[in-house]
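Before any comments, here is the structure.
Please treat every number below as a calculation from the coordinates, not as lab data. Values in this document were obtained by computation on a predicted structure and should not be read as measured data. Cβ placement follows ideal geometry from the backbone for every residue including glycine, while neighbour counts extend to all protein chains displayed.
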Amino acid sequence: MLESVVDKHSIANKQIPVFIGMTIKKLIMKINWGTAIVIAFVVFISFILFFVVRMSMDDRANHDLVTEEYYRAELGYQKEIDAETNARNLPEQVKIKKTPEGLLIVFPKGIDNENIEGNVSLYRPSNKHLDFDLPLSLSNSHLLIPDKRLLDGRWDIKISWKRQGKEYLYKESLTY
């Protein structure tokens, strides 16, 4: 009966090959706390690098620029700043309201509706295929964007118009 009891240290004393000629006893003796920390760091860094490489090569993780012609758009940024300043200096601001019919854009009173030309751009940060532009045509002081064109979520709205040779720009981010 005593012969059937296995001594706890008998496995470490036997010469069982583990890693190409190493025994368990030699392996245990070589791994101290410093080596264990180094092994943990190497495993962690390998894990992180694996996911970095995997995500950068994956087609589902599309890393497109916000605009296709980014640098060309950057050169016209001062004009954009001036147009935003012009819109802020109007007596009344453009107002955007959510209604059951859709998104209602109300322009300031006193603006000649027939002499305005411009467009409304709706940009969806999560999906560039949902972006669309509408020409600005006002019969009265408001424009309605139908509810069927807008999905729930975040939208960046950019309204640019020109009146009497002066450019105006209004930007707003909203959750529909």
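Structural remarks
- Only Lys, Arg, Asp and Glu carry charge here, each on its Cβ (+1 for the first two, -1 for the last two); on that basis the stretch 128-174 has a dipole of about 180 debye about its Cα centre.
- Nearest-0.05 FRET efficiency for Val52 and Ile81, computed from C-beta distance (R0 35 Å): 0.45
- A simple spin-label model places the labels of Lys109 and Asp133 3.3 nm from each other, with each point 7 Å out along Cα-to-Cβ.
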